[in-house]
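Only one structure is covered here, and it is reproduced in the block below.
The values are calculated or read from the model by the stated rules, or taken from the named source; none is laboratory data. Fair warning: this is a prediction, and the values are worked out from it, not measured in the lab. Reconstructed Cβ throughout: ideal geometry from the backbone, glycine too, with neighbour counts over all protein chains shown. For accessibility, only protein heavy atoms count, side chains too; no ligands or nucleic acids. Shrake-Rupley method; radii C 1.70, N 1.55, O 1.52, S 1.80 Å.
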Amino acid sequence: MSIGVFDSGIGGLTVLKEIRKVLPNEKIFYFGDTARVPYGEKTKELITRYSKEIVEFLLDKEVSAIVVACNTATALALEELKKTFKIPIIGVIKAGAKTAINTTKSGNIGVIGTKATVNSKRYEEEIKKLSKKNIKVVEKACPLFVPAVEEGILDGKLVDQIIKTYLDDFEKEIDTLILGCTHYPLLKSAIGKIYTNLNIVDPARETALDLKEILEEKNLLKNDATKNREVKYYVTDGKDKFKEIGIMFLDENIEKVELVKL
Ligand code: DGL
């Protein structure tokens, strides 16, 4: 029994990190579609096609559940994946929405993500579905965050400037901010330093807990205490770059990465 985790590239490693904390015994297959990243500027049709191809690849590895560790693919493709495939497939949006609802005091929630995620309005839909309270949701795309993170620019003047350009006005309308893109948790501390009163939500932890609950419910959890923390990594391009910057997302070394063609 194993779990499949996929992202458009490297960002999903922030979700993988939390999954490994919550489920230390599970074997995991991580797939990063590094040849076709970014998904954030692509159409629903294309993102859905790519996501289906990845799920099929992971099914060949006989995974018993899949985590869509990418906000954009969750926003645009999760519904279709759930209709098409029989195994449990979960995304990151529900988890982020739940945490924000439970922690907002003013009822004003902001969501930042890629253009595709923000335009899909999936976060707003999910928040309205899950909450009976009168919650206001505002969303904003922050396309410069992804390249900044991939360049390792996580603090300092440049990143502060980028954050302020996107968020100075936006922040005034909200008390809670959902990091609706898998790269953004790496900017959590920089954002938190500028807006000290902001409640910042990273959906990764809650996603890992949701996954655990589903695996328990379906009796798919590995019960023996012997730790099998093995993770197998697959990418569609740039093995070396993945290894090199992966450590920043995962806080540990990535030893072996396999290149695959879909
Ligand atoms: N992983 C994507 C997300 O969480 C960000 C990178 C991309 O645009 O593919 O939305």
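The slack between Glu80 and Leu154, meaning 0.36 nm per residue of separation minus the straight C-alpha distance, is 23.2 nm. Evaluated over segment 132-193, the count of Lys pairs having alpha-carbon atoms less than 25 Å apart is 20 (only pairs 8 or more residues apart or interchain).
Multiplying the residue separation of Thr165 and Asn108 by 0.36 nm and subtracting their alpha-carbon distance yields 18.5 nm. A full extension of the chain between Glu45 and Lys232 corresponds to an added length of 64.5 nm, given 0.36 nm per residue minus the alpha carbon distance.
Using the Cα centre of the chain as the reference point, and only Cβ charges (+1 on K/R, -1 on D/E), how large is the resulting charge dipole? Debye, rounded to the nearest 20. About 540 debye. Just going by the charge dipole of the chain, with Lys and Arg at +1 and Asp and Glu at -1 on Cβ, which of Leu13, Leu215, Cys70 is farthest out on the positive end? Projecting each Cα onto the dipole axis, the largest value belongs to Leu215. For segment 68-110, trypsin sites (Lys or Arg not before Pro) meeting the loop criterion (DSSP other than H, G, I, E, B) and having at most 12 other Cβ atoms within 10 Å: Lys86, Lys105.
Note on Thr196 and Asn219: with the Förster distance fixed at 45 Å, the Cβ-Cβ geometry gives a FRET efficiency of about 0.50.
Here the calculated FRET efficiency for Asn134 and Lys256, from their Cβ-Cβ distance with R0 = 35 Å, stands at 0.10, rounded to the nearest 0.05.
I need the peptides 134-141, 178-185 ranked by packing, meaning the mean over residues of other C-beta atoms within 10 angstrom, with the highest value on top. Before the final figure, lay out the partial values.
On the way: 134-141: 16.8, 178-185: 27.9.
Packing proxy ranking, top to bottom: 178-185, 134-141.
Solvent-accessible area of the chain (1.4 angstrom probe, protein heavy atoms only): carbon and sulfur portion equals 47 percent.
So what is Rg over Rh here for segment 67-144, counting just Cα atoms and using Kirkwood for Rh?
Working: Rg = 12.8 Å, Rh = 13.0 Å.
Reported Rg/Rh, Kirkwood definition of Rh: 0.98.
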